[in-house]
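Enquirer: Handing you a structure now.
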Amino acid sequence: MGDRGGAGGSRRRRTGSRPSSQGGGGPTVAEEEVRDVGAGGDAPAPTPAPDKGEDGDSDVGSGHWDLRCHRLQDSLFSSDSGFSNYRGILNWCVVMLILSNARLFLENLIKYGILVDPIQVVSLFLKDPYSWPALCLVIVANVFAVAAFQVEKRLAVGALTEQAGLLLHVVNLATILCFPAAVALLLESITPVGSVLALMVYTILFLKLFSYRDVNLWCRERKAKAKAKSASAGKKANGGAAPRTVSYPDNLTYRDLYYFLFAPTLCYELNFPRSPRIRKRFLLRRLLEMLFLTQLQVGLIQQWMVPTIQNSMKPFKDMDYSRIVERLLKLAVPNHLIWLIFFYWFFHSCMNAVAELMQFGDREFYRDWWNSESVTYFWQNWNIPVHKWCLRWARAGMSLVGVRFRVVPGTHPTAPSLHRHFYKPMLRRGSSKWVARMGVFFASAFFHEYLVSIPLHMFRLWAFTGMMAQIPLAWIVSRFFQGNYGNAAVWLTLIIGQPVAVLMYVHDYYVLNYEAPVVGA
């Protein structure tokens, strides 16, 4: 009887499952049949998982599990769900951003009309069409590059002592920073924009020649220590099939110097990585991007930023704080958009175009700073040429005070490993991480203020203060914000911090150059 009952239960279950696939009352019939079987003493009770019986048929409880539509699970927006595909929401944010900015741009056109005037940009560089002081400053910069080269040539042959060479380099580097600053302050025919460009060229030249002197000094020190073994080592190297490399002092040529001065890097090496050929299509794309993005930046500044800044002067004058905050938030959108365009234009389009023309192989000009979850990570990854120079500069500063570094076997003597970052040399002298970080931000703050205050002929230290404020800000973000919250905090400082500095400088420049003459009159 038990066997027949079990078989009968299986037959009833199968016959009850057929109507369920056809709709109607199938599921109800199946559930009733399962309950009837479960009520008898011969059939086993339903179990959570459908097991097989001795006759190969499914357990009587499998009908219930086949028809179940619920299971234990979390909502997609819950962190425990493990869901991470928010591509549609990202696209929605992009669409909303485009629509909101399109409305703002249309409102700007209706209110101010078309303000874009490419011809007017020329006046930002020239006051007198027959006087080009900024260009003359750039040309004169060659004198300082040649002076550093001649000092290195004489140091290589022993015509100068290391102490005399160090003194000449210090004087040359100090003049590189002071000479253009004096011209920009004393010469009335130079414009603020022209001053900024000239000072940027001299700042880059300062960093490059500092590295140039440092690497050549390192090569001289190693050559003096390995003088006894240089002959045998040279024979072994020349006998192999290794690619041709330049060694010290064969690198001291004008060709090598000017290749370094025009290369998109601040760190000197005797043998740069080189690309095999110039990719014409890649170069053409970068040049078209440079042309288009330059026009776009000029148009956005004239059409969007200038009217907003002009309308911000009255709230500052009246000290209307609510209006000041409103102007700040209104300026934040175009300012940040122009900053992002500038980043792509300079670090991707311009530097890749120069690198392609010079067949410069190292194209790591930036890293994924947009994923920064801390302020420190942002500053380490958004400007890789400067970051690499800081590493090399830290090593150079320590070498001048007698600290020597162990060369890792297998590395080239002119390419120090980047794992020797800024903190290790400072720690070897007993400095703390906090002091090392202060040194980096202090140097960065100096150059930011140098590039802003001198062209504007006023010293307000807003840029210097903003850079030094990154130190406590970095601590706050790393201490209280983690993950996505830290990334949002970094973005917030970038979006809000820059417009604050812009408004401060514009307000002070307006008061100094427009209101002061009226009061004096």
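The values are calculated or read from the model by the stated rules, or taken from the named source; none is laboratory data. Quick caveat, the model's predicted, so the values are computed rather than measured. Cβ placement follows ideal geometry from the backbone for every residue including glycine, while neighbour counts extend to all protein chains displayed. Note: accessible area is taken over every heavy atom of the protein model, side chains too, but ligands, DNA and RNA are not part of it. Shrake-Rupley method; radii C 1.70, N 1.55, O 1.52, S 1.80 Å.
Enquirer: Does any residue in the stretch 76-104 that is free of Cβ contacts under 8 Å to residues at least 60 places away in the same chain come within less than 9 Å, Cβ to Cβ, of a residue that is of a type in the set (V, I, T) and in a helix (DSSP H, G or I) six or more places away or on a different chain, and which pairs are these?
Expert: Listed pairs, sorted by first residue: S100/V333.
Enquirer: Another one. Applying the selection to the stretch 257-279, what residues are open to solvent by less than 30 Å² (accessible area, probe 1.4 Å), outside any loop (DSSP other than H, G, I, E, B) and not aliphatic (A, V, I, L, M)?
Expert: F260 - this is the single residue of the stretch 257-279 that is open to solvent by less than 30 Å² (accessible area, probe 1.4 Å), outside any loop (DSSP other than H, G, I, E, B) and not aliphatic (A, V, I, L, M).
Enquirer: So which residues in the stretch 312-338 are of a type in the set (S, T, Y) and loosely packed, with under 13 Cβ neighbours inside 10 Å? Give the derivation first.
Expert: Going residue by residue through the stretch 312-338, those that are of a type in the set (S, T, Y) are 312, 321-322.
Within the stretch 312-338, Y321, S322 qualify.
Enquirer: Return only the number of the condition from (1) part of a loop (DSSP other than H, G, I, E, B); (2) more than 30 Å from M200 (Cα to Cα); (3) hydroxyl-bearing (S, T, Y) that S100 does not satisfy.
Expert: Going through the list (1) part of a loop (DSSP other than H, G, I, E, B); (2) more than 30 Å from M200 (Cα to Cα); (3) hydroxyl-bearing (S, T, Y), S100 breaks only (1).
Enquirer: Restricting the search to the stretch 367-381, which residues are open to solvent by 30 Å² or more (accessible area, probe 1.4 Å) and either aromatic (F, W, Y) or within 14 Å of V440 (Cβ to Cβ) (or both)?
Expert: Answer for the stretch 367-381, where residues must be open to solvent by 30 Å² or more (accessible area, probe 1.4 Å) and either aromatic (F, W, Y) or within 14 Å of V440 (Cβ to Cβ) (or both): W370, T376, Y377, W379, Q380.
For (1) more than 30 Å from Q303 (Cα to Cα); (2) touching a helix residue (DSSP H, G or I) at 6+ places or on another chain (Cβ under 7 Å); (3) modelled with pLDDT of 80 or more; (4) of a type in the set (A, V, I, L, M, F, W, C), each residue gets a yes or a no:
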site: G88; (1), (2), (3), (4): yes, no, yes, no
site: N91; (1), (2), (3), (4): no, no, yes, no
site: A102; (1), (2), (3), (4): no, no, yes, yes
site: I114; (1), (2), (3), (4): no, no, yes, yes
site: I119; (1), (2), (3), (4): no, no, no, yes
site: S123; (1), (2), (3), (4): no, no, no, no
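Enquirer: Based on this model, can you work out whether I190 counts as open to solvent by less than 30 Å² (accessible area, probe 1.4 Å), touching a residue at least 24 places away in the same chain (Cβ under 8 Å) and among the β-branched types (V, I, T)?
Expert: Values: open to solvent by less than 30 Å² (accessible area, probe 1.4 Å): yes; touching a residue at least 24 places away in the same chain (Cβ under 8 Å): yes; among the β-branched types (V, I, T): yes.
When the stated conditions are applied, I190 passes them.
Enquirer: Taking the stated definitions as given, is R244 open to solvent by 60 Å² or more (accessible area, probe 1.4 Å) and at pLDDT 90 or above? Steps first, answer last, please.
Expert: Details: open to solvent by 60 Å² or more (accessible area, probe 1.4 Å): yes; at pLDDT 90 or above: no.
Taking the combined requirement at face value, the residue does not satisfy it.
Enquirer: OK, next. Between a residue in the stretch 198-219 that is touching a residue at least 12 places away in the same chain (Cβ under 8 Å) and closer than 13 Å to L266 by Cβ and any residue that is among the basic types (K, R) and assigned to a helix (DSSP H, G or I), which pairs come within a Cβ distance under 7 Å, given they are 6 or more apart or on different chains?
Expert: S211/R392; D214/R392
Enquirer: Looking at A147, A134, A102, A156 in this structure, which one is within 33 Å of the chain's Cα centre (by Cα) and open to solvent by less than 50 Å² (accessible area, probe 1.4 Å)?
Expert: On the way: A147 fails: within 33 Å of the chain's Cα centre (by Cα); A102 fails: open to solvent by less than 50 Å² (accessible area, probe 1.4 Å); A156 fails: within 33 Å of the chain's Cα centre (by Cα).
When all the criteria are applied, what remains is A134.
Residues are listed down the side, and each one gets a yes or a no for (1) open to solvent by 50 Å² or more (accessible area, probe 1.4 Å); (2) part of a helix (DSSP H, G or I); (3) within 24 Å of E326 (Cα to Cα):
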site	(1), (2), (3)
I454	no, yes, no
P472	yes, yes, no
A488	yes, yes, yes
L492	yes, yes, yes
P499	no, yes, yes
V502	no, yes, yes
Y505	no, yes, yes
Y510	yes, yes, yes
N513	yes, yes, no
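Enquirer: Suppose the filter is open to solvent by less than 40 Å² (accessible area, probe 1.4 Å), of a type outside the set (A, V, I, L, M) and in contact with a helix residue (DSSP H, G or I) (Cβ under 8 Å, 6 or more places away or on another chain); does T294 pass it?
Expert: Values: open to solvent by less than 40 Å² (accessible area, probe 1.4 Å): no; of a type outside the set (A, V, I, L, M): yes; in contact with a helix residue (DSSP H, G or I) (Cβ under 8 Å, 6 or more places away or on another chain): yes.
No.
Enquirer: Please indicate, with yes or no, whether at least one residue in the stretch 347-367 is closer than 25 Å to A501 by Cα, outside any helix (DSSP H, G or I) and either out of contact with any Pro (no Cβ under 7 Å at 6 or more places or on another chain) or basic (K, R) (or both). Outline the logic, then answer.
Expert: Just the residues of the stretch 347-367 that are closer than 25 Å to A501 by Cα, to begin with: 347, 366.
Those left that are additionally outside any helix (DSSP H, G or I): 366.
Those still in the list that are either out of contact with any Pro (no Cβ under 7 Å at 6 or more places or on another chain) or basic (K, R) (or both) too: 366.
Yes, the conditions are met somewhere in the stretch 347-367.
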